[in-house]
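These notes concern the structure reproduced below.
The values are calculated or read from the model by the stated rules, or taken from the named source; none is laboratory data. Predicted, not measured: the structure shown is a model, and the values here were computed from it. Counting neighbours? That spans all protein chains shown, and the Cβs are built from the backbone with ideal geometry, glycine included. These accessible areas exclude ligands, DNA and RNA; they are computed on the full protein's heavy atoms, side chains included. Shrake-Rupley method; radii C 1.70, N 1.55, O 1.52, S 1.80 Å.
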Amino acid sequence: KPKGNGSVGGSMLGLSNLVYLPEAFARFQFPGLQVNRIVLRTSYKYPAKDMLDGMKQAMLKNHRGHEDFGLITQEKGLDLVVKLVNMAQSLLVLIAAISLFVAGVGIMNIMLVTVTERTREIGIRKTVGARRSDIFQQFITEAVILSIIGGVIGLTISKIVCVLIAKFSALTPEITPGLVIMALLVCTIVGVFFGVTPAVRASSLNPIDALRHE
């Protein structure tokens, strides 16, 4: 019958596609059969460590003292999966940090160009009574809005990718409300951090020189 997706650990350990045969029959059908894996189901009533130690000693005795074998438990298999996931997560965090830095630099450059293009507008606003803090708040707000728009686009793409992964693999990634809030919060921080320089530059313009700008 179809196996289905199965569990991640089961797929890694190769336990989802086994055929069971009596040992005597298997040795009769396959002369010189080599046993390279023994699967044991143990009882929870006995300490796992004592059973593993007993298995290891029995295998060492059978292999004449040579430890040319390994004992794999579900716990060890799960630890391996967790290590792989943590490595992938660390790599993704690094990529995300680089992406945020590049995006922040892009926002800062765009805002600096915007300040240059709107120098005359800034001069007019200051002439009619706008304070430096007003100009600063305007440009820092624009930088934050630009950053949040990029974050919303990123969340939309992430949702599409999660749907595709869930459809074509055994994994079912989810985007929780907490992650959405955290993503938008990070976007806001990036917008504020990289929008300070353009906002300060805009607010410090001399109104007379700004009005003369063409």
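With r as the distance between the Cβ atoms of L60 and R27 and R0 = 30 Å, compute the FRET efficiency 1/(1 + (r/R0)^6) and round to 0.05.
0.80
Averaged per residue, what accessible area in Å² does the range 98-214 show with a 1.4 Å probe, protein chains only?
63
Rounded to the nearest percent, how much of the accessible area of the chain (1.4 Å probe, protein heavy atoms only) is carbon and sulfur?
Answer for the chain: carbon and sulfur cover 65 percent of the accessible area.
From the phi angles alone, apply the Karplus equation (6.51, -1.76, 1.60; θ = phi - 60°) to the range 200-209 and give each ³J(HN,Hα) in whole Hz, x where the residue is Gly or Pro.
Rounded to whole hertz, the list is 5, 4, 5, 6, 8, 5, 6, x, 5, 5.
Report, in deg cm²/dmol and to the nearest 500, the calculated mean residue ellipticity at 222 nm for the chain, where each DSSP H run with n ≥ 4 adds -39500 (n - 2.57) and the sum is divided by the residue count.
-24000 deg cm²/dmol
Extending each Cα 7 Å along its Cβ direction at V152 and E121, get the distance between those two points in nm, one decimal.
Here the answer is 2.0 nm between the modelled labels.
Pull out the extension gain between D134 and K83, defined as 0.36 nm times the separation in residues minus the alpha carbon to alpha carbon distance; nm, one decimal.
13.3 nm
Working out 0.36 nm times the residue gap between Y44 and L92, then minus their Cα-Cα distance, what length gain in nm do you get to one decimal? Mind showing how you got there, number by number?
On the way: separation 48, 0.36 × 48 = 17.28 nm, distance 3.80 nm.
Gain on extension, Y44 to L92, equals 13.5 nm.
State to the nearest 20 debye the size of the charge dipole of the chain about its Cα centre, where the only charges are +1 on K and R beta carbons and -1 on D and E beta carbons.
About 360 debye.
Using a 1.4 angstrom probe on the protein heavy atoms only, could you order F194, F101, F28, F136 from most to least accessible area?
The ranking, largest first, comes out as F28, F101, F136, F194.
Please go through the residue pairs K83/K167; K56/K167; K45/K167 and name each one whose alpha carbons sit more than 32 Å apart in this structure.
Long pairs (Cα-Cα over 32 Å): K56/K167; K45/K167.
What is the distance, in nm, between label points placed 7 Å from the Cα along the Cα-to-Cβ direction at K159 and at T197?
Label-label distance for K159 and T197, simple model: 3.4 nm.
May I have the extent of the alpha carbons of the chain along their three principal axes, as whole Å values ordered from largest to smallest?
Projected onto the principal axes, the Cα atoms of the chain cover 99, 39, 33 Å.
Quick check: with the 1.4 Å probe, what order do F69, F168, F25 take by accessible area, largest first?
Ranked list, largest accessible area first: F168, F25, F69.
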